[in-house]
Amino acid sequence: MGILFELVWRKPSEKAGGMPAFRSGLEAGQPAQQCSDSSWLVPDSGKANGIPDTGLAFADWTIPLVAAFVGWFTNWVSVQMLFYPIEYVGIDLYRKKHVPYGLIGWQGVVPTKADVMAARLTDIVTAKLLSLPEAFSRLDAPHFASLILPSIEESIRNEAPNGAAWALLLKPLLHWALCRVVRALQRDISQVLDLEEVVTDAFLRDVQVLVELFQRVGRRELDFLVISGLYFGFVLGLAQMWIWAHVPRAWTLPVAGAVVGYVTNWVAVKLIFEPVEPVMVGPFLLQGMFEMRQPEVSVEFAEFIATRVLTPSRVLEGLCDGRRQNEFAALVRANVPVVPDSVVAAALSGLRNLAKEPPSHAAHVYAADALGIEATLAHRLQLLSPKEFEGLLHPVFQEDEIILILAGGVLGVAAGLVQLFFGWGGPSALPAAGMTSLSGM
């Protein structure tokens with residue numbers, strides 16, 4: 001560190017306005033501006049300590065390195081602020097609904113607006129991508145009935161009054177009755193199952209599921225947002241270094257930090273989603289990163305929805321315990337007319353128990369394959385227009401885009417102040433800025 005300070009503070013020639021005069025002036029108690037001119041603030045030409053002088057002290061070259069770190073760090077923090085913390089952290093004295101920040105504190109943008117974002121995704125899935133009647137029409141009623149029969153038979157035996165007798169009596173007829181129920185379900189599925197409720201409940205019951213979905217489908221874009229701060233920050237740091245060499249003022253470092261933090265966030269977000277439609281610029285095709293990955297993202301989104309959201313277990317839960325559970329119970333009752341209500345209730349309990357079985361259960365494996373939710377979603381997502389497809393991820397950034405960009409600027413100011421007071425922008429940062437501040441900045 002001492003060598004670096006020598007590069008900035010010691011001059012090759014000791015002239016009247018140089019460093020010795022400045023030191024003697026301080027010893028005499030004279031103000032800095034009266035004891036010397038400011039020429040010592042500007043590096044001399046020639047060589048210092050054997051290093052060719054390019055007009056910049058060697059340590060000044062750390063400015064773009066620090067700027068690169070500021071760009072990377074502010075973008076990384078911004079990405080974390082999108083998703084975390086899941087619950088509000090801080091003093092919740094005053095806070096508006098769907099606003100991630102309170103008087104003092106923060107909650108991730110996605111968890112804060114989970115209901116809004118879940119509703120948007122649900123609308124895309126239910127209105128544009130998936131048809132319940134189409135999906136359930138693919139079930140083979142006799143085969144599916146044979147797979148769910150053991151769970152229902154066991155429940156009747158264990159839970160219905162005189163259950164053992166009823167299980168024995170119904171054994172020859174139970175498969176036939178279940179086939180009737182499955183076929184009725186295929187005809188009237190939209191009346192007994194609320195698909196929007198199933199999807200929304202999956203996201204809101206555990207907000208982490210929604211967070212993981214956005215992180216997965218936007219993985220490359222989020223990584224780009226972070227790493228781009230490193231490169232953009234370095235380029236802006238070169239400009240910052242040039243300004244510092246010519247205007248070594250204390251305010252330039254925090255101001256430049258704000259610019260780096262703000263601009264790197266803004267540019268990265270724009271590059272992710274714009275232009276939405278492909279645009280030819282000479283021989284180059286330009287389009288937002290996310291839109292260009294539509295085929296790949298479609299597959300990942302479909303796989304996530306099929307395995308984490310619209311699973312056979314969740315569909316069964318929606319039938320048995322959703323807001324239309326009475327309609328489903330009535331459908332079962334209508335297709336099994338010769339048994340008492342207690343037996344029907346036990347059969348419904350068997351379906352609830354089946355919903356709790358692991359995904360490896362034969363009924364779940366068959367239903368997942370037959371319904372074809374993953375394949376259907378992947379195919380239809382790829383058919384969406386770029387504008388419609390953008391709606392999968394852009395809302396995460398769009399809702400509070402300006403807040404995240406400004407947060408980058410604020411963090412940049414903080415980094416610039418650290419750079420100033422600890423001299424990470426080169427040892428010239430502290431002494432030069434400090435001395436110019438004495439003379440009025």
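What to note about this one:
- A simple rule links phi to the HN-Hα coupling: the Karplus curve 6.51 cos²θ - 1.76 cosθ + 1.60 with θ = phi - 60°, which for segment 144-153 gives 5, 4, 5, 7, 8, 4, x, 5, 6, 4 Hz, with x for Gly and Pro.
- Derived scalar couplings ³J(HN,Hα) [segment 172-178; Karplus, 6.51 cos²θ - 1.76 cosθ + 1.60; whole Hz; x for Gly, Pro]: x, 9, 5, 5, 4, 5, 5
- Peptides 107-115, 365-373 ranked from most to least packed give 107-115, 365-373, packing being the mean of other C-beta atoms within 10 angstrom over each peptide's residues.
- Label-point separation in nm, R120 to L238, each point 7 Å along Cα→Cβ: 3.6
- Under Karplus coefficients 6.51, -1.76 and 1.60, residue-wise ³J(HN,Hα) of segment 64-76 in Hz, glycine/proline x: x, 5, 5, 4, 4, 5, 4, x, 5, 5, 5, 5, 5
- Sorting the segments 407-418, 280-291 by their residues' average number of neighbouring beta-carbon atoms within 10 angstrom, most packed first, yields 407-418, 280-291.
- A crude spin-label estimate for the pair R333 and I104, with each label 7 Å from Cα along the Cβ direction, gives 5.7 nm.
- Too-long pairs where the Cα-Cα distance tops 24 Å, listed order kept, from K270/K387; K97/K270; K128/K387; K113/K270: K97/K270
- Annotation: amide H-H contacts under 5 Å for L286 (H modelled 1.01 Å from N, sequence separation of 5 or more, or interchain): V279, M280, V281.
- Label zone at H143 (point 7 Å along Cα-to-Cβ), backbone N below 15 Å, segment 350-384: 362-373
- Note on segment 63-441: dipole from Cβ charges, positive end direction compared against I405, W242, I305; the farthest Cα belongs to W242.
- At an R0 of 45 angstrom, the distance between the Cβ atoms of E134 and R219 translates into a FRET efficiency of 0.90.
- Maximal additional length on extending the E277-E212 stretch stands at 20.7 nm, based on 0.36 nm per residue less the C-alpha distance.
- Normalised per residue, the volume of the convex hull around the Cα set of segment 63-441 (Å³): 163
Laboratory data are not the source of any read-out in this text; all were calculated from the coordinates shown. Computed from a predicted model, the values in this text were never measured in an experiment. Virtual Cβ from ideal backbone geometry, glycine too; neighbours counted across all protein chains shown.
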